[in-house]
Each structure stands twice: as C-alpha cells, then as structure tokens.
Amino acid sequence: MKVFSNSYTFDYSWEEVSTANWQKYCPWNEKSTHVIAVDTLSREVDSATGILRTERLITCKQSAPEWLKTILGCMDTSQVLETSYVNPTEKTVTMVSQNITWANLVNVQETVVYRPLGASQTEFVQDAKITALCGGWQRIKNSIEDSLATRFKENANKGREGFEIVLAMSRRAFAEERLRSQGKMMA
C-alpha cells in the first residue's frame, strides 16, 4: 500500500470553500475537464447533528494507457463514489472517495477535510491510500502503486489549481450579487 498526503491553506473563508466545493467540477474549472458528470445519488440532513451527508457518483474520462484498457477490456470512463459530510457546528467538510472502476484490481481511498484557520483561511488536508490487488506479485504491486501515487500527486496539484479558479470566480459572483441586491434595496 502507498499513502499520499497533502495539505494546503486556501486564502478563503470556510464558508466560501464549503459553498464553492459543490461547484468544483464546473465549466469554470479548466483543470477538471476529465470530469464529465457528477450525479447526486442522495442528500440528507441528520436532524440530531445538523450534518449534511451527500453521495455523488463522479464519472471521468479514463486516462489509462490504451494497451492496458485493451488487455483489461475497460471502457473509456471511470467512476468514483464520493460521500461528503458537512458539519456546520464544527465547520468541517469531510469527503471520502472510493474508486468503483477497476476496484477488483486496485483500491484507491481518498479522504479530504476542509476546516477553518481563522476568519479568512481554510485548511485542506488530503490523504489517499492506494493498494494494488494482484496477489503475490510484490514487484508488480509496488510498481502499480508507485505509478498511481505519482499520478495522484500530479492530479492533486491540478485539482488545487482548479479549485482556486472556482473559489475566485465564486467570490466574484457573490460580490456582484451583493452589489445588485444593495442596488435594488436603494431603488
């Protein structure tokens, strides 16, 4: 098993980050063009805790090498199940993702947590566990896990850059809406 860990501080409030998180895979995010669909499967608020739990199915263009897709008989898309928990009391957003595609060959479990660092910053912590499931071939398992960990790191950087774009656009959109609302109130 390989473990990938990453952390970053966004110069946006927790409210901005937790709101923009739902738009992470939107047209504004030119770094996530591989995401072709995000389907919400369920969404519910726990009446006792106030925690919003959402399950989403994320469909992506498959980026595996063609020769590997041919051998394994894979499609051109892959899917990930994401379960998120928004805790408004503790001000945390926790997202847990699990690959569905190729789950019999490799297991990728990712956990992301956003929490406030003061009024205008939000901490992002990302951990992923990557496990190749190819029996006793340790050398092959290590090679697969190393390759996926490297790719995960590259994609994490793109994801952060893309989310920064979404956050900036979201801040502008909310500011414009506030100005419009203030203008209507004055009129």
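Worth a mention:
- Residue count for the range 133-187, restricted to those that are assigned to a helix (DSSP H, G or I) and either touching a Gly at 6+ places or on another chain (Cβ under 9 Å) or on the phi > 0 side of the Ramachandran plot (or both): 1.
- Whichever residue in the range 145-187 is within 21 Å of V112 (Cα to Cα) and of a type in the set (K, R) and, among such residues, is modelled with the lowest pLDDT: R151
- Listed by first and then second residue, the pairs linking a residue in the range 163-187 that is within 14 Å of C26 (Cβ to Cβ) to a residue that is outside any helix (DSSP H, G or I) and at pLDDT below 85, with Cβ atoms under 8 Å apart and 6 or more places separating them unless they lie on different chains, are F163/N29; I165/W28; I165/N29; V166/C26; V166/W28; V166/N29; M169/W28.
- Meets criteria (out of contact with any Lys or Arg (no Cβ under 7 Å at 6 or more places or on another chain), β-branched (V, I, T) and under 30 Å from S47 (Cβ atoms)) for V106: no
- Counting the residues of the range 152-162 that are in contact (Cβ under 8 Å) with a residue 60 or more places away in the chain and open to solvent by 30 Å² or more (accessible area, probe 1.4 Å) gives 6.
- Residues satisfying the stated conditions in the range 78-124, i.e. open to solvent by 50 Å² or more (accessible area, probe 1.4 Å), closer than 21 Å to K141 by Cα and charged (D, E, K, R): none
- Checking each residue of the range 104-115 against the condition of being assigned to a helix (DSSP H, G or I) and at pLDDT 90 or above gives no match.
- Any chance L133 is touching an Asp or Glu at 6+ places or on another chain (Cβ under 7 Å) and not β-branched (V, I, T): no
- Count of residues meeting criterion [of a type outside the set (F, W, Y) and closer than 30 Å to P88 by Cβ] in the range 115-149: 14
- Within the range 15-40, the residues that satisfy the criterion of being in contact with a Ser or Thr (Cβ under 7 Å, 6 or more places away or on another chain) and of a type in the set (A, V, I, L, M) are V17, A20, I36, A37.
- Residue among S63, S32, S7 that alone is of a type in the set (S, T, Y), surrounded by fewer than 14 Cβ atoms within 10 Å (Cβ to Cβ), at pLDDT below 95 and on the phi < 0 side of the Ramachandran plot: S63
The values are calculated or read from the model by the stated rules, or taken from the named source; none is laboratory data. Every value quoted in this text rests on a predicted model; they were computed, and no experiment measured them. Backbone-built Cβ (ideal geometry, glycine too); neighbour counts: all protein chains shown. Calculation scope for accessible area: heavy atoms of the full protein, side chains included, ligands and nucleic acids excluded. Shrake-Rupley method; radii C 1.70, N 1.55, O 1.52, S 1.80 Å.
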